[in-house]
1. Among the numbered conditions (1) of a type in the set (Lys, Arg); (2) surrounded by fewer than 18 Cβ atoms within 10 Å (Cβ to Cβ); (3) in a helix (DSSP H, G or I), tell me where residue 50 comes up short.
2. State which residue is surrounded by the most Cβ atoms within 10 Å (Cβ to Cβ) when the search covers only the range 69-83 and only residues that are touching a strand residue (DSSP E or B) at 6+ places or on another chain (Cβ under 7 Å) and among the hydroxyl-bearing types (Ser, Thr, Tyr).
3. Would the range 157-169 turn up any residue that is in contact with a strand residue (DSSP E or B) (Cβ under 9 Å, 6 or more places away or on another chain), closer than 16 Å to residue 39 by Cβ, of a type in the set (S, T, N, Q) and surrounded by 14 or more Cβ atoms within 10 Å (Cβ to Cβ)?
4. Among 91, 66, 110, which is within 26 Å of residue 211 (Cα to Cα), modelled with pLDDT of 85 or more and surrounded by fewer than 17 Cβ atoms within 10 Å (Cβ to Cβ)?
5. Residues in the range 81-90: is at least one touching a helix residue (DSSP H, G or I) at 6+ places or on another chain (Cβ under 8 Å), of a type in the set (Ser, Thr, Tyr) and closer than 28 Å to residue 180 by Cα?
6. May I ask you to say which residue of 151, 182 is out of contact with any helix residue (DSSP H, G or I) (no Cβ under 6 Å at 6 or more places or on another chain) and in a loop (DSSP other than H, G, I, E, B)?
7. Would you confirm whether or not the range 208-218 contains a residue that is assigned to a helix (DSSP H, G or I), at pLDDT 95 or above and surrounded by fewer than 18 Cβ atoms within 10 Å (Cβ to Cβ)?
Amino acid sequence: MGQRHQIYAKSNYGYDTQVNMSCFHHQWLYGGTAIIQLKNILEFNKNASKYNNFSTGTMNSPDSTDQLVNNLYCINVQEGYFSTMIDLKRDVTTSDEIHYLHPERQDNNDGQTFIDFTTGDKPNVCFSFPYERDVYASREDDEPSSTVTENTVVTPLKYFSLYYDIENIQDNQDKEEVEFINEILALITWIEENTTLMTQEDLDNMYADTQNEELVLN
């Protein structure tokens, strides 16, 4: 089934600055790849003109906004592959079906990405899990050292550390893995410098926004 991940991106569109919520299922997104794709969409938005980004409200429609999110998450330039996503809104057409978009109802085993482009100069971002996630201090441990509570804010660094033992990076003899970890850590630094970490209230509001007809049935 792959690494099942969802992306929820809230953005402005239209010259009168209406708001849209993009909701996608990605079948192969986890660890470093989730960091790469988050940085990809954030960098595009930062470098894009005012006529085609997610923050200024000048995209033409919610459909064009959703399509752009889809395009940016489907191509992984760094690792050289193309993947597809499922638009979670495609079969949700009435208020009676809107509950299907809620993050807790998704088929997920590798967390979720939340992005809010409507917050001003810097987008708000975080990762989260719709279930309790065990945390292991190292790959050799049989028992978890702690847990990540479901539906809570997870930083990009914390999210990545769930997949790689980055605390002991210098002890790792696999040069390719060390290079990959260092590359992802550099991306995380860029993300931290160009975004604001969501608060728990921000994340709770994003959860509520997935049930807002004006944002998802526009």
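The values are calculated or read from the model by the stated rules, or taken from the named source; none is laboratory data. If you're wondering where the values come from, they're calculated on a predicted model, not measured in any experiment. Cβ atoms come from the backbone with ideal geometry, glycine included; neighbour counts cover every protein chain shown.
1. All conditions pass for residue 50, except number (3).
2. Filtering the range 69-83 for residues that are touching a strand residue (DSSP E or B) at 6+ places or on another chain (Cβ under 7 Å) and among the hydroxyl-bearing types (Ser, Thr, Tyr), the one surrounded by the most Cβ atoms within 10 Å (Cβ to Cβ) comes out as 73.
3. No, the range 157-169 has no match at all.
4. Values: 66 fails: surrounded by fewer than 17 Cβ atoms within 10 Å (Cβ to Cβ); 110 fails: surrounded by fewer than 17 Cβ atoms within 10 Å (Cβ to Cβ).
That would be 91, the only listed residue that is within 26 Å of residue 211 (Cα to Cα), modelled with pLDDT of 85 or more and surrounded by fewer than 17 Cβ atoms within 10 Å (Cβ to Cβ).
5. Here is the first cut: in the range 81-90, the ones touching a helix residue (DSSP H, G or I) at 6+ places or on another chain (Cβ under 8 Å) are 82-85, 87-89.
Then keep just the ones that are of a type in the set (Ser, Thr, Tyr); that gives 83-84.
With the extra rule that they be closer than 28 Å to residue 180 by Cα, the set shrinks to 83-84.
Yes - at least one qualifying residue is present in the range 81-90.
6. On the way: 182 fails: in a loop (DSSP other than H, G, I, E, B).
Of 151, 182, the one residue that is out of contact with any helix residue (DSSP H, G or I) (no Cβ under 6 Å at 6 or more places or on another chain) and in a loop (DSSP other than H, G, I, E, B) is 151.
7. Within the range 208-218, the subset assigned to a helix (DSSP H, G or I) is 208-209, 213-216.
The next check asks that each one be at pLDDT 95 or above; those that pass are 208-209.
Among the residues that remain, those that are also surrounded by fewer than 18 Cβ atoms within 10 Å (Cβ to Cβ) are: 208.
Scanning the range 208-218, I find at least one residue that is assigned to a helix (DSSP H, G or I), at pLDDT 95 or above and surrounded by fewer than 18 Cβ atoms within 10 Å (Cβ to Cβ), so the answer is yes.
Condition check ((1) within 19 Å of residue 202 (Cβ to Cβ); (2) touching a residue at least 24 places away in the same chain (Cβ under 8 Å); (3) more than 19 Å from the chain's Cα centre (by Cα); (4) in a helix (DSSP H, G or I)) across all residues:
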site: 38; (1), (2), (3), (4): yes, yes, no, yes
site: 46; (1), (2), (3), (4): no, yes, no, yes
site: 67; (1), (2), (3), (4): no, no, no, yes
site: 71; (1), (2), (3), (4): no, no, no, yes
site: 79; (1), (2), (3), (4): no, yes, no, no
site: 96; (1), (2), (3), (4): no, no, yes, yes
site: 108; (1), (2), (3), (4): no, yes, no, no
site: 122; (1), (2), (3), (4): yes, yes, no, no
